[in-house]
Amino acid sequence: MIKQLGQDVEHESIVLAWPWIERAGMEACLRKGGERRVWHACCEASDSGRTRMVSVREEEVRMTVVSIRKLGDPVLREPAKPVTDFDAELHTLVGDLRETLSDSRGAGLAAPQLGVGLRVFVLSPKLFDGRSDLDHLVNPVLDFPDMEEQDGMEGCLSIPGVFLDTKRRMNVVAKGFTMKGDPVQVVGDGILARCIQHETDHLDGVLFIDRLTPEQQERWIATLRAADWFDESLMTKVKNSPHQ
């Protein structure tokens, strides 16, 4: 049984909260153990001017909350490889990134942080403020339209508990692909631009701590040593980002 838009969708005794179907082709997901069921909605305008669902196609996709790799894991320092196959495995990877990011309540997450050396990252939909349905990029390439910079606090799910003022470029244009292989472009400023640069750095084996001044380096090392998960063997050589 399918109920009216904005209410729940009930299917085989499973109830799915469907909060934002606004047009055909949007998806919603139901977590069920280690899986999610993805529901593709076909919608049409009703006589009242509202949008209503007229049919739903169900697809089962395995998505898992994955342990996030921490500072000191070699995969975080290795440049990721470009994606060449836009296949089911890539869809599963994007699903795992989405699920893990949602669980961690972060702003972004890159494939190397899950131990996968591919050029893929996801961003929290909140960063787009409803301006875009896109929440991921595959094989991103960055361009900076100007030299304007920004300062602001930055953290990383791979370095939990550490937040430091980090200089970034204010505006960015990111070109890449969706997991289906469709070319896309994201124009961002402020916090969105910061997150795009942060996640792209991950794909180059660069961490935000690599952008700190020598004085900041000393402060973050002291903060890091106070963390309950810290081990002296985690200390790694600072790298330079190709995206300055």
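Are any residues in the stretch 146-159 surrounded by fewer than 17 Cβ atoms within 10 Å (Cβ to Cβ) and closer than 20 Å to Arg105 by Cα, and if so, which ones? Steps first, please.
Taking the stretch 146-159 as the starting set, the residues that turn out to be surrounded by fewer than 17 Cβ atoms within 10 Å (Cβ to Cβ) are 146-153, 155.
Selection gives Gly152, Met153, Gly155.
Of the listed requirements (1) over 15 Å from Phe177 (Cβ atoms); (2) buried (at least 20 other Cβ atoms within 10 Å of the Cβ); (3) charged (D, E, K, R), Asp129 misses just one: (2).
If you go through the stretch 177-199 one residue at a time, do you hit one that is polar (S, T, N, Q) and over 17 Å from the mean Cα position of the chain (by Cα)?
Keep residues of the stretch 177-199 that are polar (S, T, N, Q), which gives 178, 185, 197.
Narrowing the set further to residues that are over 17 Å from the mean Cα position of the chain (by Cα) leaves none.
The answer is no; no qualifying residue exists.
Reported count of residues in the stretch 160-199, each being surrounded by fewer than 18 Cβ atoms within 10 Å (Cβ to Cβ), in contact with an Asp or Glu (Cβ under 8 Å, 6 or more places away or on another chain) and of a type in the set (D, E, K, R), is 3.
Restricting the stretch 200-227 to residues that are part of a loop (DSSP other than H, G, I, E, B) and farther than 26 Å from Val116 by Cβ leaves a set whose member that is nearest to the chain's Cα centre (by Cα) is Leu212.
Test Pro140 against the criterion of being part of a strand (DSSP E or B) and surrounded by 14 or more Cβ atoms within 10 Å (Cβ to Cβ), and give yes or no.
Details: part of a strand (DSSP E or B): yes; surrounded by 14 or more Cβ atoms within 10 Å (Cβ to Cβ): yes.
Criteria met by Pro140.
Hey, among Met170, Met147, Met179, which residue is assigned by TED's automatic domain parsing to the domain that holds Val116, at pLDDT 95 or above and touching a Phe, Trp or Tyr at 6+ places or on another chain (Cβ under 7 Å)? Exactly one residue qualifies, and that residue is Met179.
The values are calculated or read from the model by the stated rules, or taken from the named source; none is laboratory data. Just so it is clear, the model here is predicted, and its values are computed rather than measured. Don't worry about glycine lacking a Cβ; one is built from the backbone with ideal geometry, like all the others, and counts go over all protein chains shown.
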